[in-house]
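Remarks on the structure that follows.
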Amino acid sequence: MRRGDRKRREPDLGTLSARTLLSLQKELFAALAEQGHPRLRPRHGAVLAYLDEEGTRATELASRSGRHKQVIGALVDELAELGYVARRPDPGDRRAKLIVPTDEGLDLLARSDTVMAAIERRHAETAGEADYAVFKRVFRLVAARQSGQAQ
């Protein structure tokens, strides 16, 4: 590769994914701050993006997010302190705990879903509904393959 070629070539999948994630997070968390959730940070997405309304075990959050269990534990501690989640006994296994969204957490999840739906609608309008649907299908396949979840 000649000097300067890296600057001229098309961005690779990692660069495009990083740009997309960072800009999505910036827009999402700015909107959430305007809607009454100013203390959340993008790092909290490792829990919130994968949290089920009825609760999710920390080990499952770690698996879904690809983060270490210790990282998820620290994030859950932060979110509990902020009032977004609580730890409850898992009815299926009393030794285990579920991370359950509080009323404030449920409000946040609903607002987050609304903001993300608006972002996706905007992209679908820009690219065209059919092309955006193909993009999402292919991107899901690539993401699953990259994370070792492809069938």
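Each value in this text was obtained by applying a stated rule to the coordinates, not by laboratory testing. None of the values given here were measured: they were computed from a predicted structure. Methodologically, a virtual Cβ is constructed for each residue, glycine included, from the backbone with ideal geometry; neighbour enumeration extends over all protein chains shown.
Quick rundown of the values:
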quantity: Inter-label distance, nm, simple model (7 Å from Cα along the C-beta direction), residue 129/residue 74; calculated: 4.5 nm
quantity: Cα centroid of the stretch 77-125 to Cα centroid of the stretch 25-73, whole Å; calculated: 7 Å
quantity: Full-extension gain in nm, residue 19 to residue 33, via 0.36 nm per residue minus C-alpha separation; calculated: 2.9 nm
quantity: Linear extension gain, residue 147 paired with residue 96, 0.36 nm per residue minus alpha-carbon span; calculated: 15.7 nm
quantity: Cα-Cα pairs of the chain separated by more than 22 Å (percent); calculated: 52 percent
quantity: Label point 7 Å beyond Cα of residue 106 along Cβ direction - residues of the stretch 48-78 with amide nitrogen under 20 Å; calculated: 48-57
quantity: Per-residue [θ]222 nm for the chain (sum of -39500 (n - 2.57) over DSSP H runs n ≥ 4, rounded to 500); calculated: -20000 deg cm²/dmol
quantity: Derived scalar couplings ³J(HN,Hα) [the stretch 102-114; Karplus, 6.51 cos²θ - 1.76 cosθ + 1.60; whole Hz; x for Gly, Pro]; calculated: 7, 4, 5, x, 5, 4, 4, 4, 5, 5, 4, 4, 5
